[in-house]
Amino acid sequence: MRTEEPRPIRLKDYTPPAFAIDEVNLDIELDPKATKVHSRLSMRRMGDGPLRLDGEKLKLLEVRIDGEKLGANRYSVDGEHLTIFEVPEGDFTLETVTSCAPVENTALTGLYLSSDIYCTQCEAEGFRRITYYLDRPDVMSVFRTRIVADEKKVPVLLSNGNPVASGKLKGGKHFVEWHDPFRKPAYLFALVAGDLAHVEDKFTTMSGREVTLRIFVEKGNEDRCDYAMGALKRAMKWDEEAFGREYDLDIFMIVAVSAFNMGAMENKGLNVFNDKYILALPDTATDADYAAIEAIIAHEYFHNWTGNRITCRDWFQLCLKEGLTVFRDQEFTGDMRSRPVKRISDVRLLRAHQFPEDGGPLAHPVRPDSYIEINNFYTATVYEKGAELCRMIHTMVGPKRFRKGMDLYFERHDGEAATVENFLDALSDGAKIDLTQFKRWYSQSGTPEVLASGRYDAARKTYTLKMSQVCAPTPGQPMKEPYHIPVAVGLVGANGRDMKLQLDGEEKPGATTRVLHLTEREGTWRFRNVTEKPVPSLLRGFTAPVKLNAHLKERDLVFLMRHDSDSFNRWEAAQRYATGLLLSMVEARASGGTARKGTGFGEMIRDLLTAKKIDPDFVAQIIALPSEQTLAQMIGRDVDVDAIHGAREELRASIAAQTKDELLSAYERMKVDGPYRPEAEDAGRRALRNVCLSYLAVAPGKDGAALAAAQFREADNMTDSIAALTVLANIEGPERIAALDAFYKRWQKNHLVMDKWLAIQATSALPGTLDEVKRLTQHPAFTMKNPNKVRALITSFASMNQLHFHDAKGAGYAFVADKVLELDKLNPQVAARLTGAFRSWRQFGPKRRKLMVKELKRIAGTEGLSRDVYEIATKTLA
Ligand code: ARG
Ligand code: ZN
């Protein structure tokens with residue numbers, strides 16, 4: 001056990017900083033084992049309290065105030081702080097000289113080495129591992145950074161802002177000095193240095209300023225940056241048009257590194273990326289990779305205004321920048337690609353990651369009120385649910401008023417460290433909406449459930465819709481106040497067309513989709529002049545992050561999946577239909593009874609595949625079955641992973657048998673001719689073609705496997721290659737081994753492609769997968785020191801291979817727990833994420849519950865555990 005229990009930090013304890021830092025001057029001499037940092041801070045007292053600076057893993061060499069060296073009796077140092085006992089009343093300069101060891105930094109926070117490239121990750125609290133500082137986002141300052149290194153070994157030296165000086169020094173060294181004119185918190189500081197190559201382009205802003213764009217990569221990767229560069233220019237243009245936001249420095253730089261804890265980081269003028277989200281060529285990157293690159297480039301770029309120009313007062317306000325910036329990048333993707341498909345995949349993601357978080361032991365509000373380790377709060381709730389909250393405001397006020405609200409937010413708070421209240425006040429004043437009740441979304445955790453029922457009165461020609469809301473208790477929150485829930489509603493007539501809607505008290509009928517506001521525990525709406533019994537289409541476009549229960553009959557679902565004018569709800573009806581069927585099959589397997597028969601899904605697939613005008617990408621979405629994890633979530637207790645897997649495979653095979661001819665002909669028709677283009681149109685065709693392939697693989701006869709083998713041999717792009725390999729990796733036999741071998745031989749030098757190779761094997765449903773994963777941990781393509789490798793092999797297994805992670809004897813749990821403990825010594829942040837695989841333990845039957853709890857207790861009870869893993873393990877058990 002830990003000797004000292006880590007103490008939570010609380011929002012209600014916030015106090016403003018006791019000192020301001022007006023200027024920061026850093027002199028950094030790079031060395032793998034001993035990087036020397038000489039810091040000069042121009043400081044000013046703002047309030048009461050001692051001068052206590054944050055600092056971790058630093059060797060303190062010297063402290064000076066106004067040039068005078070302090071004796072050891074005038075300050076104290078421990079593992080986390082440097083406290084200066086007495087400081088001058090007015091302005092003063094605090095100087096420290098410290099040293100740190102990038103080569104020993106496996107946690108990848110602070111200054112570290114990623115394949116011989118020096119790089120930094122300072123969000124949330126990494127700057128304190130570079131030098132002593134007031135490492136909190138409400139301390140904003142102007143940074144001047146001088147970097148010194150060996151000229152031959154480390155020719156490129158980068159930091160935030162503009163380069164202002166450079167030159168040679170004695171002993172083969174050189175320096176570059178950078179100046180960032182914008183005040184910023186330390187978490188946005190970055191330094192990158194090494195033998196890097198770059199590609200360059202230009203962007204002319206809306207006011208006519210020319211900005212230099214540079215993407216830095218390891219040498220040899222220059223030809224893999226084109227797509228990322230194009231995406232950056234599209235994002236810059238879009239932010240001007242959609243939000244009136246212009247870039248503000250003369251240069252914008254991106255660096256791709258291979259060892260990175262998360263996706264990417266928005267450091268001012270110098271974004272640092274996991275190279276997975278930069279590097280792409282058609283033969284190495286899939287359509288999904290291209291889409292992710294475009295979205296993440298945009299996300300980090302958009303942070304320049306929502307995050308950097310306006311930053312967060314404290315880390316409890318994280319959603320202020322993350323939720324809003326995710327909302328912005330979602331809108332960008334919606335404009336660049338198919339809007340309905342984007343909405344569907346975002347809701348899929350929300351349900352797969354955020355709903356389970358909100359319904360489990362780690363549930364927390366979008367703005368949490370306490371944390372032990374802030375890095376554990378970069379969650380689906382803060383990001384994805386946070387984005388949904390912005391989207392709800394957007395839905396309620398419409399695009400024009402939303403823009404007015406945003407304009408006011410930028411006008412009021414540019415240059416400040418703001419709060420959620422500041423944001424909501426600006427939106428409410430600018431968009432003219434009362435958000436008082438809406439604010440509860442930020443402080444109450446849990447997913448509200450909305451119950452809806454409708455009644456048609458033929459004599460009066462009225463349709464009465466009743467809706468009510470409840471939200472189950474979550475940790476620390478037994479009771480909830482009602483939420484303000486916007487519900488977009490349509491009524492569909494027998495001819496499949498939307499009716500014009502006229503609510504009680506309205507003069508004449510109006511729009512066909514209306515946003516109703518459910519603000520009480522219950523509400524009733526009456527529509528007039530409804531000439532026939534409608535089928536209600538509720539929560540169109542998923543206007544609120546809730547679980548809707550509308551008790552629709554199977555035939556209504558079939559009707560909506562064919563006719564709803566709202567694409568999202570068409571998809572939703574299809575998913576509900578398939579889910580209902582699958583759940584009854586799972587139950588039949590458990591009870592030995594017979595399952596409901598439903599051919600509606602197969603019939604819909606047949607119709608869609610033979611229809612003249614279809615959007616292939618949308619069809620690919622609508623015909624895909626819900627995942628095993630989704631089904632487990634729906635069942636919620638005593639989950640039987642074998643029954644779920646079996647039922648899903650059975651339905652897949654029966655649909656394949658039912659529609660084999662249509663699948664085959666669509667497979668042929670969707671073939672994309674000509675050279676690979678990553679754009680949405682072609683990607684959509686490949687998506688549909690590959691969903692057809694995955695059905696055909698289990699269709700009667702062997703043609704599916706043969707088709708996959710042929711596609712694998714002939715593919716000229718990674719999307720088709722991976723789709724085929726995934727099919728083959730799930731069929732026992734020599735073709736499987738041959739394909740995996742061939743893939744390995746071809747791509748072993750490409751670390752990003754090797755991640756795919758690892759993940760495919762980790763997620764296979766075949767028996768023996770766990771042993772194979774164990775073997776792969778010893779493979780040269782794997783290392784625990786690189787987060788992408790850990791995610792590809794271990795996290796894929798733990799969170800995407802439900803069947804084998806939940807092995808009945810507990811071997812999957814024991815393996816993952818071992819890896820958590822091994823990884824915690826190297827990289828606590830990534831280890832804590834992996835621990836999250838155990839969060840759903842209450843969903844399973846008593847045997848599995850016991851086995852999972854045993855492993856969680858073993859983790860929680862381990863000597864020397866990090867704060868990160870400690871918080872996740874103990875909260876999961878609580
Ligand atoms: N702000 C980054 C983003 O755009 C995430 C970085 C978080 N990193 C961390 N170690 N907590 O989403
Ligand atoms: Zn972000």
- Task: Among the residues of segment 155-185, count how many are assigned to a loop (DSSP other than H, G, I, E, B) and crowded, with 21+ Cβ neighbours inside 10 Å.
- Result: 3
- K547 passes all but one of (1) free of Cβ contacts under 8 Å to residues at least 12 places away in the same chain; (2) among the basic types (K, R); (3) farther than 30 Å from P678 by Cβ; which number fails? (1)
- Message: For the condition under 21 Å from M634 (Cα atoms) and out of contact with any strand residue (DSSP E or B) (no Cβ under 7 Å at 6 or more places or on another chain), what is the one hit in E357, E331?
- Response: E357
- Query: Which one of A738, A759 is in a helix (DSSP H, G or I) and assigned by TED's automatic domain parsing to the domain that holds E855?
  - Reply: A759
- Residue ranges of helices (runs of 4 or more DSSP H) in segment 239-349 with at least 1 members over 15 Å from the mean Cα position of the chain (by Cα) and within 16 Å of ligand 2 (Cβ to nearest atom): 287-302, 318-336
- Item | Residue check, E863 out of contact with any helix residue (DSSP H, G or I) (no Cβ under 8 Å at 6 or more places or on another chain), charged (D, E, K, R) and not in a helix (DSSP H, G or I) | yes
- Item | Matching option when the condition is more than 30 Å from S258 (Cβ to Cβ) and of a type in the set (S, T, N, Q), among S99, S76, S114 | S76
- Any chance F302 is more than 12 Å from ligand 1 (Cβ to nearest atom) and within 15 Å of G244 (Cα to Cα): no
- Count of residues meeting criterion [surrounded by 24 or more Cβ atoms within 10 Å (Cβ to Cβ), of a type outside the set (A, V, I, L, M) and within 11 Å of ligand 1 (Cβ to nearest atom)] in segment 313-322: 2
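So that you can scan it fast, the table gives a plain yes or no per residue for (1) on the phi < 0 side of the Ramachandran plot; (2) modelled with pLDDT of 95 or more; (3) surrounded by fewer than 20 Cβ atoms within 10 Å (Cβ to Cβ); (4) aliphatic (A, V, I, L, M):
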position: T543; (1), (2), (3), (4): yes, yes, no, no
position: N549; (1), (2), (3), (4): yes, yes, yes, no
position: D556; (1), (2), (3), (4): yes, yes, yes, no
position: D564; (1), (2), (3), (4): yes, yes, no, no
position: R570; (1), (2), (3), (4): yes, yes, no, no
position: V586; (1), (2), (3), (4): yes, yes, no, yes
position: G593; (1), (2), (3), (4): yes, no, yes, no
position: F601; (1), (2), (3), (4): yes, no, no, no
position: I605; (1), (2), (3), (4): yes, no, no, yes
- Message: Residues that are assigned to a helix (DSSP H, G or I), among the charged types (D, E, K, R) and more than 30 Å from L631 (Cβ to Cβ): does segment 360-383 have at least one?
- Response: no
- Conditions (1) at positive phi; (2) of a type outside the set (V, I, T); (3) in a helix (DSSP H, G or I): number failed by G220: (3)
- Query: G476 is checked against (1) of a type in the set (G, A, S); (2) surrounded by fewer than 20 Cβ atoms within 10 Å (Cβ to Cβ); (3) touching a residue at least 60 places away in the same chain (Cβ under 8 Å) and fails just one. What number does that condition carry?
  - Reply: (3)
- Only listed residue being away from ligand 1 (no atom under 16 Å from the Cβ) and touching a strand residue (DSSP E or B) at 6+ places or on another chain (Cβ under 6 Å), chosen from L270, L249, L196, L281: L196
- Residues of segment 382-399 being away from ligand 1 (no atom under 14 Å from the Cβ) and not aliphatic (A, V, I, L, M), in sequence order, are K385, E388, C390, R391, H394, T395, G398, P399
- Item | Filter result for the condition that a residue is within 16 Å of ligand 2 (Cβ to nearest atom), under 24 Å from E822 (Cα atoms), surrounded by 12 or more Cβ atoms within 10 Å (Cβ to Cβ) and of a type in the set (A, V, I, L, M, F, W, C), over A101, A107, A124 | A124
- Item | Neighbours by Cβ (under 6 Å, 6+ apart or cross-chain): first from segment 257-281, within 22 Å of D223 (Cβ to Cβ); second near ligand 1 (Cβ under 10 Å from one of its atoms) and assigned to a helix (DSSP H, G or I) | A264/I296; A264/E300; N271/E300; Y277/I296
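The values are calculated or read from the model by the stated rules, or taken from the named source; none is laboratory data. Quick caveat, the model's predicted, so the values are computed rather than measured. No Cβ is skipped: glycine too gets one built from the backbone with ideal geometry, and neighbour counts run over all protein chains shown.
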